[in-house]
Structure formats: C-alpha cells, structure tokens
Amino acid sequence: MDELGAPVRRIWQEVLLLAVVLAEAVLGVVLLSTTQDLWQAGAAVVLGLALLARHRHWPWLLPLILIANVGTWSLAVLIFGTYAYATRSHHRLRTLLVSLLAAASGVVPSLVAGTESATGTVGIMGIVVTLLIVAASAATGMYTSTRRMLLAQLQKRAEQAESGQTAAEEQARRAERTRIAREMHDIVAHKISLVALQAGALEVNPTLEREQVQQSAGLIRQTATTALSELREVLGVLRGDSEEAPLAPQPTWEDVRRLVATSKDAGISVDLFDFIDDPVPDQLARTAFRVVQEGLTNIHKHALHTRARVALIGEPGTDLVIEVSNVLPKGFTTDLPGARMGLSGIETRVTHAGGTITSGPTDDGRFEVRAVIPWPMTT
C-alpha cells in the first residue's frame with residue numbers, strides 16, 4: 001500500500017508546488033502590471049519548474065535557485081527552496097549556511113524597496129517577515145528530516161529484530177532436531193543391538209532346547225516391543241503440538257541398574273560395582289543412564305565376547321563417577337554400524353551437566369568410558 005501511495009503523493013506535491021508558484025505569479029501580474037513585474041513573474045515560474053528537478057540535483061540546484069530568486073523575489077520559491085534543502089541535508093552547518101543564503105536573497109529586495117520608500121518602513125517590515133519565513137521553513141525542514149531519519153532507524157531496527165528472531169527460531173529448531181536425533185539413537189541403538197545379539201545367539205546355536213529357544217524368542221520380542229514403545233513416544237512429540245510433552249522416556253537410577261541386568265540377559269559377561277547409597281537426582285540419573293547405555297551398546301557391538309565392568313561411585317557434594325570398561329577384544333568383528341554419534345551425544349550431555357568424559361584404551365588392556373559429573377548437595 002505504501003509503495004503504491006508514494007508515487008501518487010510525489011505527483012500531488014509537484015502539482016501543489018507549481019500551483020502555488022503560478023498563483024503567486026498571476027497575483028503579482030494582476031496587482032502590479034508593469035513590464036518588470038511581468039518579467040519577474042515569468043522568471044518565478046521558471047524557477048518553480050526548476051524546483052521539479054530538486055530530487056536528484058538538490059545539493060547544487062537549490063542554492064542556485066535561491067540565488068536566482070533575488071531577481072524575482074518569489075515568496076513561494078523562497079519557502080519551497082529552503083524547506084526542500086533542509087529536509088534533504090543531514091549536515092546542520094550546511095543547512096544553516098543555505099538558510100542564511102535564502103535569507104539574504106529575500107532581504108536584498110526588501111532593502112531595495114526600503115531605500116525607495118520615504119520612511120523605510122516597508123523595507124524593515126519586509127526584512128523581518130523574510131527572516132521569519134526563512135527560519136520557519138528551515139526549522140520545519142530540519143524537523144521533517146530528523147523525523148524521517150528516526151523512522152528509518154526504527155524500521156531498520158525492527159527488521160533486524162525480526163531477522164534475529166527468525167535466526168534464533170531456526171537455531172532452536174536445529175538444536176531440537178539434533179536433540180531428538182540423539183534421543184532416538186540412545187533408544188534404538190541399545191535395544192536393536194540387544195535384538196541383534198539375541199537373534200545371533202539363536203543362529204549360532206541350532207541345537208538349543210525348545211524351552212531355551214522360546215525364552216530367547218520371548219526376550220527378543222520384549223526388547224523389540226520396548227524399543228518400539230519408546231520410539232513411538234519420541235515420534236509422538238514430533239507429531240503433537242504440545243511443547244510440554246516429554247522428549248523421551250525419563251529413566252531413573254533404578255533403570256541404570258536394570259541396564260546391566262538386561263545386558264546380562266543378552267549374553268554379555270558384565271559385572272556391576274554399585275557404591276551409590278544416596279538417592280540420585282533425576283537429572284543426574286538420566287545423564288548417568290545415557291552414559292552407561294552408550295558404553296554397553298558399544299560393548300554389544302564391538303566386544304561381545306569380552307568381560308565388561310560397570311562401576312558407579314560417588315556421593316552428594318562430590319562427583320558421580322561412572323566407568324564402563326571391557327577387555328580389549330582380539331580379532332573380533334561385527335556387522336553393526338558405528339558412527340560415534342552416541343559418544344558425541346553423551347559427551348554433549350555430560351559437558352552440559354558440568355562434567356567431563358574420556359574414552360579410550362587403558363594401560364591394563366581395557367577400553368574404558370569414564371564420566372565425572374558434579375553431584376550437588378540436596379537442600
């Protein structure tokens with residue numbers, strides 16, 4: 001709407017300018033019909049037409065028009081010229097100098113009229129009126145210029161704020177997608193690796209008793225059902241509109257212990273050394289759960305036939321130390337893929353909780369994932 005209205009407003013401004021200049025010229029001819037007045041009226045109309053080019057050439061054209069106005073003594077040209085320069089110039093000193101030039105161009109005819117009169121009253125009144133008109137035109141133009149600059153700055157700030165908000169929203173979406181991807185990895189990778197191992201055990205032992213086959217099949221079914229249920233909960237957050245829906249199942253400290261029991265059921269030789277006697281805060285328990293889960297998942301993938309160990313040490317006011325280690329396997333390979341996304345995910349979790357995490361071979365021939373997380377005192 002504004003883009004269409006601006007050209008229309010400019011056209012009406014130009015029409016109004018020419019109408020005022022022409023009306024002044026006609027009025028001067030009617031009141032004072034001497035040959036000199038006719039020439040001055042014609043020159044005023046020419047200066048009014050020259051004002052139409054003020055948009056492109058205002059820095060030099062407007063001062064030149066004001067100087068030429070000495071010979072025409074056109075009040076309309078004086079007002080429009082002074083106002084137009086003041087609205088476009090952002091340098092106050094230049095505006096002041098041009099205003100003085102406009103005042104001088106209007107005062108000279110008044111001085112001439114004053115010397116020709118008997119008392120000089122007409123010249124003095126003309127000078128006073130001219131100075132007031134120039135001052136009012138310059139002040140109005142400077143006010144309009146300042147207002148335009150302020151509106152432009154406010155619009156620019158609004159656009160920057162909108163752009164910044166859009167960028168922040170996009171960054172939040174990317175962070176949320178990354179977090180959901182990590183949650184899905186934590187859920188799926190652990191459970192599916194258990195399913196693969198349990199199915200592999202059936203494949204390499206065709207002579208198992210019927211009862212053992214049923215037990216293994218039931219364990220596979222239970223593990224797959226749990227994985228689907230947890231995955232469905234995460235995907236439900238993506239489909240739903242509620243922002244307060246839980247992003248993923250919220251494990252507790254008992255689930256940390258249950259991870260070790262599940263790994264034992266899947267055929268992993270793992271020992272749990274649990275030295276935690278105090279209640280563990282839920283947020284700390286969730287971080288510990290993901291660390292143990294990722295460590296056991298990697299053992300399921302890459303060190304199935306080795307002996308593993310999970311150690312949990314700490315108390316409120318100190319640190320919670322989590323160690324998941326296994327004997328380095330010799331010549332064992334796996335078909336399960338590994339992209340280190342899990343280790344990267346738990347590193348982010350632990351760092352966000354204010355802790356540190358390391359992973360790699362140890363001097364005693366083991367591969368260890370060790371996380372140290374601050375355990376605040378309960379109040």
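The values are calculated or read from the model by the stated rules, or taken from the named source; none is laboratory data. Note that the structure is predicted; figures quoted are calculated from it, not measured. Every residue, glycine among them, receives a Cβ derived from its backbone with ideal geometry; neighbour counts consider all protein chains shown. Protein only, heavy atoms only, side chains kept; ligands, DNA and RNA dropped before computing areas. Shrake-Rupley method; radii C 1.70, N 1.55, O 1.52, S 1.80 Å.
Things to note:
- For a paramagnetic label modelled on His352 (point 7 Å from Cα along Cα→Cβ), amide N atoms under 12 Å away belong, within the stretch 287-312, to 287.
- Built amide H within the under 5 Å cut-off of Ser269, gap 5+: Ala308
- Rough spin-label spacing in nm, given labels placed 7 Å along Cα→Cβ, for Arg174 and Leu151: 3.7 nm
- Per residue, the stretch 41-105 exposes 47 Å² of accessible surface when a 1.4 Å probe is rolled over the protein heavy atoms with every protein chain present.
- Full-extension gain in nm, Val46 to Gln165, via 0.36 nm per residue minus C-alpha separation: 37.6 nm
- Inter-label distance for Ile67 and Thr378, nm, one decimal - labels placed 7 Å from Cα along Cα-to-Cβ: 9.0 nm
- Backbone amide hydrogens, once placed in the peptide plane, bring Trp375 within less than 5 Å of Gly317, Thr318, Asp319, Leu320, excluding anything fewer than 5 places away on its chain.
- Label-to-label distance for Leu228 and Glu14 is 7.5 nm, based on points extended 7 Å past Cα in the beta-carbon direction.
- Extension gain (nm, one decimal) between Arg257 and Thr144, 0.36 nm per residue minus Cα-Cα: 33.3 nm
- Annotation for the stretch 19-92 versus the stretch 255-316: alpha-carbon center distance of 90 Å.
- For the stretch 301-329, the residues whose amide N sits under 17 Å from a probe point set 7 Å from the Cα of Thr362 along the beta carbon direction are 303, 306-314, 320-329.
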